[in-house]
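One structure is given here, and the rest of the page talks about it.
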Amino acid sequence: MISAPAPFAAAAESDTIDQLRAVGRELHARSWSLGTSSNYSVVMGRDPLELLVTASGKDKSALTRDDFVRVDAAGRVADGSGRRSSAETLLHCTLASMIPSVGAVLHTHSVWGTILSAADLARGSLRIAGYEMLKGLEGIGTHDTVEEVPIFANTQDMVELSVRIRRHFAGIDWTAPGRPPAHGFLLSGHGLYTWGRDLAEARRHIEIFEFLFECVARARMLPAASIDPA
């Protein structure tokens, strides 16, 4: 079991909780984390891996200081609180352990992300190309690029899903300089997972992706001779 945090660590955790609560209020207000959907995490330590994760079944517009739990690398609650972490905690742990630079993971359930993730499941990814806003994703410096957002079939079996995610990204060198190999993924009919070096970067990626999802979805509604996004 992870020991109780020292005073300095406790203060850092308190500040992190306040930041996560603010993110929850914002994402709920923007209709990306409605009801009790979504889950958020911040990496609090790496040796051993320790995450602060939203508790299960909480309204993200009204998160309290008691709505977070600390978990270990296997997603087990390790703070002695008796609270239950999000059902998808293992996915957060998988990303944090697989990608050394991950400092925060955010998961949202927007309308556009949900629709597109189901529509493009057979293709295996959502292709986003030519939009200026792609430059908001870490490491991208031009609109003249393509982002392929992987799409995984949804399941309630988080162990099986985490294995599929690891298999999909196997062999990737996440420490290589330049543009990261991926910025997020979609679960079909479910929503978006994205991450960043810290909570601010992960939040920015949510905002950029959600803008781009809406662009792609609305462009598909236009006549065949639609405008070029570039």
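A few points about this structure:
- Flag if GLY184 is among the small types (Gly, Ala, Ser) and in contact (Cβ under 8 Å) with a residue 40 or more places away in the chain: no
- Strands (runs of 3 or more DSSP E) fully within the stretch 90-209 counting 3 or more residues that are at pLDDT 95 or above and within 17 Å of SER38 (Cβ to Cβ): 104-108, 184-187, 191-196
- Here PRO100 meets each of (1) out of contact with any Asp or Glu (no Cβ under 6 Å at 6 or more places or on another chain); (2) surrounded by 15 or more Cβ atoms within 10 Å (Cβ to Cβ) with one exception, condition (2).
- Matching residues, the stretch 59-117, being more than 16 Å from the chain's Cα centre (by Cα) and among the acidic types (Asp, Glu): ASP59, ASP66, ASP67, ASP72, ASP79
- Filtering the stretch 6-58 to residues that are under 30 Å from VAL111 (Cβ atoms), part of a strand (DSSP E or B) and aliphatic (A, V, I, L, M) leaves VAL42, VAL43, LEU51, LEU52, VAL53, ALA55.
- So ARG84, is it modelled with pLDDT under 95 and touching a strand residue (DSSP E or B) at 6+ places or on another chain (Cβ under 7 Å): yes
- Checked against (1) surrounded by fewer than 17 Cβ atoms within 10 Å (Cβ to Cβ); (2) aliphatic (A, V, I, L, M); (3) free of Cβ contacts under 8 Å to residues at least 60 places away in the same chain; (4) touching a Pro at 6+ places or on another chain (Cβ under 8 Å), ALA129 passes all but a single condition, namely (3).
- Within the stretch 103-125, considering residues that are more than 22 Å from ARG30 (Cα to Cα) and not small (Gly, Ala, Ser), the one surrounded by the fewest Cβ atoms within 10 Å (Cβ to Cβ): ARG123
The values are calculated or read from the model by the stated rules, or taken from the named source; none is laboratory data. None of these values were measured; they are calculated from a predicted model. Cβ sites come from the backbone with ideal geometry, for glycine too, and all protein chains shown count toward neighbours.
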